[in-house]
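Reviewing the structure listed below.
What follows draws every value from the coordinates through simple rules; no lab data is involved. If you're wondering where the values come from, they're calculated on a predicted model, not measured in any experiment. Positions of Cβ are generated from backbone atoms using ideal geometry, with glycine treated the same way; all protein chains shown enter the neighbour counts.
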Amino acid sequence: MSETNGSQGPKKNEEDEAKIGVRNIPVTIHAQYVKDISFENPGAPQSLRGDQPMPELEINISMDARRIQNPKIENYYEVALSAQVNARRGKDTIFIAEVVYGSTVSIGGEVPHEQHHPILLIEVPRLAFPFVRQILASLTQQGGFPPVLLSPVDFQALYIQRFKDRIEGAGGSEEAA
């Protein structure tokens, strides 16, 4: 017979979350979708010759959020994560790949309104990023080039950089976009 001290310990779910670092984010993802996609290969077929140096890549990532009116869902938003890759050899454009990936989400009523903005522009893009990365890799590969594999993005650092003045001026609180 085993003895216990009356403590039940952490619940199984809490143990699993602690082991794998899962955070309980009060966000419901209602839909994820490609909102816009484009691939331009202006120099084909010459740009596809294998005897040329690798192009230089310029990568731009941005995010945006907007409230959507829905009488059945409170705190309902669309978040768009955009990624653009411009490949150049000197002044020649080799290819341009663009993806705008949308997510419709709602934020739980227990979350204060001033915390919506960082959730929408940090956490939601973090969840959508692997899909954008895969789409861009496939898109560039289907365009005849090696797949472009985006490195992980620190969305919190991007958020702080983008909204630094507003964050400092508001004492750290932000309104949702």
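Structure summary
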quantity	calculated
Test: residue in region 94-104 that is in contact (Cβ under 8 Å) with a residue 60 or more places away in the chain and either more than 22 Å from the chain's Cα centre (by Cα) or over 19 Å from Ser38 (Cβ atoms) (or both)	yes
Residue that is surrounded by the fewest Cβ atoms within 10 Å (Cβ to Cβ) [pool: residues in region 91-138 that are closer than 30 Å to Pro45 by Cα and of a type in the set (Lys, Arg)]	Lys91
Evaluation of Gln69 against (1) exposed (fewer than 13 other Cβ atoms within 10 Å of the Cβ); (2) in a strand (DSSP E or B) (one fails), failing number	(2)
Residue check, Leu81 crowded, with 19+ Cβ neighbours inside 10 Å and either touching a Cys at 6+ places or on another chain (Cβ under 7 Å) or under 18 Å from Tyr33 (Cβ atoms) (or both)	yes
Failed criterion for Met54 (all others in (1) outside any strand (DSSP E or B); (2) touching a residue at least 40 places away in the same chain (Cβ under 8 Å); (3) of a type in the set (A, V, I, L, M, F, W, C) hold)	(2)
Region 105-114, residues that are farther than 22 Å from Ile61 by Cβ and within 17 Å of the chain's Cα centre (by Cα)	Ser106, Ile107
Members of region 35-51 that are touching a strand residue (DSSP E or B) at 6+ places or on another chain (Cβ under 7 Å) and either surrounded by 13 or more Cβ atoms within 10 Å (Cβ to Cβ) or aromatic (Phe, Trp, Tyr) (or both)	Lys35, Ile37, Phe39, Glu40, Asn41, Gly43, Ser47
Single match in Ile94, Ile135 (criterion: under 30 Å from Pro53 (Cβ atoms), assigned to a helix (DSSP H, G or I) and of a type in the set (Val, Ile, Thr))	Ile135
